[in-house]
1. Subtracting the Cα-Cα distance from 0.36 nm times the residue separation, let me have the gained length for E52 to S161 in nm, one decimal.
2. Measure nothing fancy, just the Cα-based angle from helix 52-73's long axis to the longest principal axis of the chain, in degrees from 0 to 90, nearest 10.
3. Taking θ as phi - 60°, what are the ³J(HN,Hα) couplings along the stretch 88-96 by the Karplus curve (6.51, -1.76, 1.60), each to the nearest whole Hz, with x for Gly and Pro?
4. Under the definition of Cα pairs under 8 Å and six or more residues apart, what whole-number percent is the relative contact order of the stretch 53-164?
5. Compute the FRET efficiency between R70 and D188 as 1/(1 + (r/R0)^6), taking r as their Cβ-Cβ distance and R0 = 35 Å, and round to the nearest 0.05.
6. Report, to the nearest whole %, how much of the accessible area of the chain belongs to carbon and sulfur atoms, 1.4 Å probe, protein only.
7. If the limit is 20 Å between Cα atoms, which of K101/K205; K143/K176; K103/K162; K127/K244; K127/K255 go over it?
8. Residue by residue through the stretch 235-242, which ³J(HN,Hα) values in whole Hz follow from phi under the Karplus form 6.51 cos²θ - 1.76 cosθ + 1.60 (θ = phi - 60°), with glycine and proline marked x?
Amino acid sequence: MKLIDNWKQSYKLKSVQIGALSAFFYTLILFSEQFLNIWNVIPQELKNKIPENIAEWVGMLVGVAMVLARLKKQPELHDVNQFVTITAGHSNADPGAVNGKYKEADLVVSFRNAVTHYLREAGLQVKTDGTGTKNDPLSAAVKLIQGSSVAVEFHMNAATSKQANGIETIALPKDKKLAQDLSKAVADVFGSRLRGDNGWIDQSKSARGRLAYVNAGGLIVELGFISNDAELAAFNSKYWSAAKAVAQVIIEHEKALK
Ligand SMILES: [Zn+2]
């Protein structure tokens, strides 16, 4: 009896110790991240002024902090074969729909860049149809789909009626739920309504007919109507928040695949 009690006692002690140890490391990792964030914004001229004997220590500290910061990033999403494809509709040669000085192709490029930013920040591998203002044509975008765990392209709708509004995602029936989640994420931020089946449009029911991007397994998110002034204004003022919400849906989707 005494033996078991002792064993229980020491077992308890061990788990407390392990708990404390992991809490300590977790704090250390968080501290390392903050330290690196600060270190990265210090101008090089200022860093050059640090005395050599101290600089050596700081250099070592930066090294250790980088290793520790990596430890936290690791458990997120790291499968080398897993990547997502994020593309912008139309191209540098084809502006898509236009409202005043705003061109669909430019707006969706900004959106693609913002979503990509948030996905990479979460540790995901992302393939895009260009960086910065570059926007490769559809034929190039479609080629990126193969092998990706999810492919999403952004567009904006346009209609003759200025009143036409709402968010929709065109996708194959297998991606119905993801399509609805993506549309909702955008609609919630822009304060828009959902079109189709709670934001999902089966491409067989789409007025545009079969779309090469969707046929290849991708999803097309229509981020509102560029022809509707209110939706265009909502896009321009809140697209970063909407992009963050879209990225979050994709991150959750990727986590569920693991
Ligand atoms: Zn379009």
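The values are calculated or read from the model by the stated rules, or taken from the named source; none is laboratory data. Everything numeric in this text was worked out from a predicted model, so none of it was measured. Every residue, glycine as well, gets a Cβ built from its backbone with ideal geometry; the counts of neighbours run over all protein chains shown. These area figures cover heavy atoms from the full protein model, side chains too; ligands, DNA and RNA do not enter into them. Shrake-Rupley method; radii C 1.70, N 1.55, O 1.52, S 1.80 Å.
1. Values: separation 109, 0.36 × 109 = 39.24 nm, distance 6.86 nm.
Net length gain for the segment: 32.4 nm.
2. Rounded to the nearest ten degrees, it is 60.
3. 10, x, 6, 7, 5, 8, 10, x, x
4. Numbers: 147 pairs, mean separation 37.6, N = 112.
Answer for the stretch 53-164 is 34 percent.
5. Numbers: r = 34 Å, r/R0 = 0.96.
Working from the Cβ atoms, E equals 0.55.
6. Values: 8920 of 14900 Å².
Carbon with sulfur: 60 percent of the solvent-accessible area.
7. Over 20 Å apart, Cα to Cα: K101/K205; K143/K176.
8. 4, 4, 8, 10, 5, 5, 5, 5
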